[in-house]
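Undergrad: The following block contains the structure, expressed as structure tokens.
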Amino acid sequence: MDVLITHKNCPDGIACAAIARVKNPKCKIHYCEHGDKVPHEKLKNQNVVIADFSFAKEELLAINEVAKSLQVLDHHKSVEQDLAGLEFCHFDMNKCGSMLLWDYLNPNQKAPKFLQHIQDRDIWEWKLPDSKEFLEGLDMSNWKLEDWSEAIANPNHDKLKLLTENGKIAIQYKKMILEKTMRNAFEANIEIANETVTLWAVNSAVLGSDLGHLLANLPKNKSQIGVVFSLEKEGHWKFGLRSIGEVDTIKIAKFFGGGGHKNASAFRSKDYVLKPVK
């Protein structure tokens with residue numbers, strides 16, 4: 001693997017980059033979101049892996065033409081059908097992107113606990129008893145990519161214990177922030193094709209997953225869909241969708257050019273697409 005392309009602004013994507021650097025310290029890393037592209041000249045005659053992310057079918061075929069090899073490892077349901085039939089694409093909805101990359105690069109080797117924690121939240125499993133504390137500690141840390149790589153290469157690293165301890169304190173503070181932010185939640189409509197979806201929304205650039213799940217679980221939220229939105233510095237609005245049970249958010253995200261999972265998806269838009277219910 002010479003080049004890794006992975007999900008931008010996502011712990012699972014950072015974990016993918018850390019795994020890549022452990023395997024090949026010279027590996028070039030490119031972080032992408034929906035709508036981004038990597039110049040093809042940077043991929044020419046390179047062994048390229050795309051993990052926890054994927055491009056449209058036409059773009060992947062173009063990359064496959066110039067790359068020495070291409071492997072796509074993803075777990076987002078919204079794009080699996082679109083990329084059906086491409087032999088270089090592998091999907092597994094039961095694993096996060098970094099776990100897929102670990103298995104690809106380290107067949108038959110058990111993944112370090114660090115990655116098990118990442119997966120716990122990314123696909124909302126919560127199998128490990130201390131994952132919430134560990135991940136809260138990780139979120140509030142100032143770790144750089146080198147720290148992530150060291151944690152993967154050395155499962156007994158002293159810093160790992162500190163994350164859990166710091167996370168216990170962070171959870172209490174986070175609870176207060178969530179309560180204050182949820183006071184500004186409101187009911188809104190969003191138009192997709194010929195359908196109007198009524199959901200609950202709140203404005204926040206942080207704690208999107210937690211807020212989204214709180215919104216989706218509000219007793220007065222009949223749709224069981226929550227959306228957390230914020231305005232990015234480029235001038236685009238970012239919308240993160242969360243739902244519970246069998247309620248599917250993907251149809252909303254895909255309508256606006258985004259994607260994700262049934263219960264967790266996202267999209268960006270130049271327009272503010274929410275209409276508050278009066």
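The values are calculated or read from the model by the stated rules, or taken from the named source; none is laboratory data. It should be emphasised that the depicted structure is a prediction, and the values quoted were computed from it without experimental measurement. Cβ atoms come from the backbone with ideal geometry, glycine included; neighbour counts cover every protein chain shown.
Undergrad: Could we say that L100 is within 30 Å of V206 (Cβ to Cβ) and out of contact with any helix residue (DSSP H, G or I) (no Cβ under 6 Å at 6 or more places or on another chain) here? Outline the logic, then answer.
TA: Working: within 30 Å of V206 (Cβ to Cβ): yes; out of contact with any helix residue (DSSP H, G or I) (no Cβ under 6 Å at 6 or more places or on another chain): yes.
So L100 passes the test.
Undergrad: Continuing with this model, one more query. Counting only residues that are within 21 Å of L100 (Cα to Cα) and of a type in the set (G, A, S), which one in region 33-66 is surrounded by the fewest Cβ atoms within 10 Å (Cβ to Cβ)?
TA: Among those that are within 21 Å of L100 (Cα to Cα) and of a type in the set (G, A, S), it is A56.
Undergrad: Specify which of the listed residues (L162, L145, L135) is of a type in the set (A, V, I, L, M) and more than 21 Å from W102 (Cα to Cα).
TA: When all the criteria are applied, what remains is L162.
Undergrad: Which one of these is under 18 Å from R121 (Cα atoms), outside any strand (DSSP E or B) and either aromatic (F, W, Y) or out of contact with any Phe, Trp or Tyr (no Cβ under 6 Å at 6 or more places or on another chain) (or both): G235, G245, G240?
TA: Exactly one residue qualifies, and that residue is G245.
Undergrad: Can you name the residue in region 67-80 that is in contact (Cβ under 8 Å) with a residue 24 or more places away in the chain and aliphatic (A, V, I, L, M) and, of all such residues, is surrounded by the most Cβ atoms within 10 Å (Cβ to Cβ)?
TA: Result: L73.
Undergrad: Name the single residue, out of those in region 251-278 being aliphatic (A, V, I, L, M) and in a loop (DSSP other than H, G, I, E, B), that is farthest from H7 (Cα to Cα).
TA: If we take residues in region 251-278 being aliphatic (A, V, I, L, M) and in a loop (DSSP other than H, G, I, E, B), then V277 is farthest from H7 (Cα to Cα).
Undergrad: Considering region 168-210 alone, what residues qualify as being loosely packed, with under 14 Cβ neighbours inside 10 Å, part of a loop (DSSP other than H, G, I, E, B) and more than 22 Å from the chain's Cα centre (by Cα)?
TA: R183, N184, A193, N194
Undergrad: Another question, then. Could you please find all residues in region 141-171 being free of Cβ contacts under 8 Å to residues at least 24 places away in the same chain and either in the same structural domain as N217 (by TED's automatic domain parsing) or hydrophobic (A, V, I, L, M, F, W, C) (or both)?
TA: W143, I169
Undergrad: If you take the residues of region 6-18 that are at pLDDT 95 or above and closer than 15 Å to H75 by Cβ, which of them is surrounded by the most Cβ atoms within 10 Å (Cβ to Cβ)?
TA: In this case the residue turns out to be C16.
Undergrad: Which residues, taken from region 222-242, are surrounded by fewer than 20 Cβ atoms within 10 Å (Cβ to Cβ) and of a type outside the set (D, E, K, R)?
TA: Result: S223, Q224, S230, L231, G235, H236, W237.
Undergrad: Can you pull out the residues in region 184-223 that are out of contact with any strand residue (DSSP E or B) (no Cβ under 8 Å at 6 or more places or on another chain) and among the small types (G, A, S)?
TA: Selection gives A193 alone.
Undergrad: So which residues in region 107-140 are closer than 18 Å to G208 by Cα and either outside the structural domain of K95 (by TED's automatic domain parsing) or among the small types (G, A, S) (or both), if there are any at all?
TA: S131, G137
Undergrad: Restricting the first residue to region 81-106 and requiring it to be on the phi > 0 side of the Ramachandran plot, which pairs with a second residue that is assigned to a loop (DSSP other than H, G, I, E, B) and not acidic (D, E) meet a Cβ separation below 7 Å and a spacing of at least six or different chains?
TA: none
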